[in-house]
1. Restricting attention to the stretch 198-214, which residues are touching a residue at least 60 places away in the same chain (Cβ under 8 Å), of a type outside the set (A, V, I, L, M, F, W, C) and away from the ligand (no atom under 13 Å from the Cβ)?
2. Residues of the stretch 337-355 being open to solvent by less than 10 Å² (accessible area, probe 1.4 Å) and either of a type in the set (Asp, Glu) or away from the ligand (no atom under 16 Å from the Cβ) (or both), which ones?
3. With the condition being farther than 27 Å from Ala118 by Cβ and among the hydrophobic types (A, V, I, L, M, F, W, C), I'd like the helices (runs of 4 or more DSSP H) fully within the stretch 284-396 carrying at least 2 qualifying residues.
4. Does Ala132 fit the bill of being in contact with a Ser or Thr (Cβ under 9 Å, 6 or more places away or on another chain) and open to solvent by 20 Å² or more (accessible area, probe 1.4 Å)?
5. Given (1) within 15 Å of the ligand (Cβ to nearest atom); (2) open to solvent by 10 Å² or more (accessible area, probe 1.4 Å); (3) over 22 Å from Gly317 (Cβ atoms), identify the lone condition not met by Arg143.
6. Considering each residue of the stretch 231-270, count those that are closer than 30 Å to Val219 by Cβ and open to solvent by 10 Å² or more (accessible area, probe 1.4 Å), and give that number.
7. Pull up the stretch 215-230, narrow it to residues that are hydroxyl-bearing (Ser, Thr, Tyr) and within 13 Å of the ligand (Cβ to nearest atom), then point me to the one that is surrounded by the most Cβ atoms within 10 Å (Cβ to Cβ).
Amino acid sequence: MTDPVPQDPPAYETQAVQVGIPRGLGETVGIPVHAAAGFQFETLEQGAEEFQLGQGLSYARIQNPTVRALEERLTALEGGAATVALATGQAATITAIMSVCRAGDHVVASSSLFGGTAGLLNNVLPLMGVTATVVPNTPDDVRGAMRENTRLVWAEIIGNPAGDVPDLRALADIAHAGGAVLGVDATWAGPGYLCRPLEHGADIVTHSLTKWAGGHGTVMGGSVTVGEGHDLTRNAIYTEGGDQSLLAVRGVNALAWRQRWFGAHQLGMVLSPHSAFLLAQGLETVALRMDRECATALSLAQWLESHPAVGRVSYPGLESSPWHALARTYLPRGQGAVLTFEVPDPARFLARLKVLRIVPNLGDSRTLVVHPWTTTHGRLPEATRRAAGVTPSTIRMSVGLEAPGDLQADLAQALA
Ligand SMILES: *Cc1c(COP(=O)(O)O)cnc(C)c1O
């Protein structure tokens, strides 16, 4: 047998525990927490230079070494060029959208959306003169919704909570043909683990790090990662001003620069260094957790599908899912840890659970269930809820790390 050849870059599991950690005599083995609001200059010149170039450390709203180490790790895991880590997934989403849209611009978004993203499109973006058209995420629907002023196509992999899987390559081609970029909220795929949207043509990837990155339900965070190959030559935010334009001055870094400037520097939605530390630690076990959770989710989905008291089960790993073929293409390692199923009496079902917990969160080490109709999707119009695959009977379950047998037994007694 020959020795294995070192991979460059190393595999996901290796980068997840190595990137961002210093090497050398007396260095910490984990990522140190820099509890600091400001960083020292020794001379007037150093301060002036830093404020002009903004490449080092000055004030923690702009950069903090702990947050930077997390950002490096996320960039590596996502296969991207640069990342800005922010306070929440919500902060990441609005930063991604506003990095390419301004008053007069238009977004095409998938109808199977996280409720908070639908809220931004419906309530916040209109205040800034940005409009959105929400359509099913099929290539034909998205193509039909594109307008002259569309700057962003937005999709989720995997869709919440219907478990739909968009054809990322087709959506990227449609966005690019229209002079727009493709943004993908890949929260449900874990940072770069089940899917790397940038490798399928996406320009921007966001995460709610609160979910699988943190992985234990103990911390909030969000991230925006950009790839290398995006084309912003048809977006006036980047081209206006000719020689002085963002694109002329910042080149390939223009998009990443604007995201940091917008989300952190201007709006101040920064991640605390303590949260960055917890999130970096969470990333070290994403691969192990997601492998286990995807396997349990698939076996529970198959069992629920055969249960006489259970109605429709949606999980992209099931052969019965309309998105099964796309899931095989885009989620080859596992089809996620979340499934939905319909029960005849959701109130009775939830009240009887003993192991599973009723919590409106995802990606926890514990298995969490929620009734989307009255909670996560409760504020959306009824038609919007139904378009997202939510009915009054729907239960959403985020599978955790408990023994699969204990989970199945608890579900069985609650359904009895
Ligand atoms: C939770 C979630 C968000 C928002 O993240 P927060 O950290 O709660 O702000 C965005 N997108 C998806 C898919 C989510 O599950």
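The values are calculated or read from the model by the stated rules, or taken from the named source; none is laboratory data. From a predicted model like this one, the values you see are computed outputs, not experimental measurements. When we count neighbours, we look across all protein chains shown, and the Cβ atoms used for this are built from the backbone with ideal geometry, even at glycine. Accessible surface areas use protein heavy atoms only, side chains included; no ligands, DNA or RNA. Shrake-Rupley method; radii C 1.70, N 1.55, O 1.52, S 1.80 Å.
1. Filtering the stretch 198-214 down to residues touching a residue at least 60 places away in the same chain (Cβ under 8 Å) leaves 198-200, 204-214.
Then keep just the ones that are of a type outside the set (A, V, I, L, M, F, W, C); that gives 199-200, 206-208, 210-211, 214.
Of everything in the stretch 198-214, those that are touching a residue at least 60 places away in the same chain (Cβ under 8 Å), of a type outside the set (A, V, I, L, M, F, W, C) and away from the ligand (no atom under 13 Å from the Cβ) turn out to be Glu199, His200.
2. Result: Phe341, Val343, Phe349.
3. Working: elements: 286-305, 324-330, 346-352, 382-387.
Counting at least 2 such residues, we get 286-305.
4. On the way: in contact with a Ser or Thr (Cβ under 9 Å, 6 or more places away or on another chain): no; open to solvent by 20 Å² or more (accessible area, probe 1.4 Å): yes.
In short, no.
5. Just one mismatch for Arg143, condition (1).
6. Narrowing the stretch 231-270 to residues closer than 30 Å to Val219 by Cβ: 253, 255-270.
Filter once more, so that each one left must be open to solvent by 10 Å² or more (accessible area, probe 1.4 Å): 253, 256-258, 260-262, 265-270.
Result for the stretch 231-270: 13.
7. Initially, the stretch 215-230 is screened for residues hydroxyl-bearing (Ser, Thr, Tyr), giving 218, 223, 225.
Right, trim to within 13 Å of the ligand (Cβ to nearest atom) and you get 218, 223.
Numbers: Thr218: 13, Ser223: 32.
The selected residue is Ser223.
Conditions tested, residue by residue: (1) closer than 18 Å to Gln63 by Cα; (2) in contact with a Leu (Cβ under 6 Å, 6 or more places away or on another chain).
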site: Thr218; (1), (2): no, no
site: Gly221; (1), (2): yes, yes
site: Tyr238; (1), (2): no, yes
site: Gly251; (1), (2): no, no
site: Ala254; (1), (2): yes, yes
site: Trp261; (1), (2): yes, no
site: Met269; (1), (2): yes, yes
site: Phe277; (1), (2): yes, no
site: Leu283; (1), (2): no, no
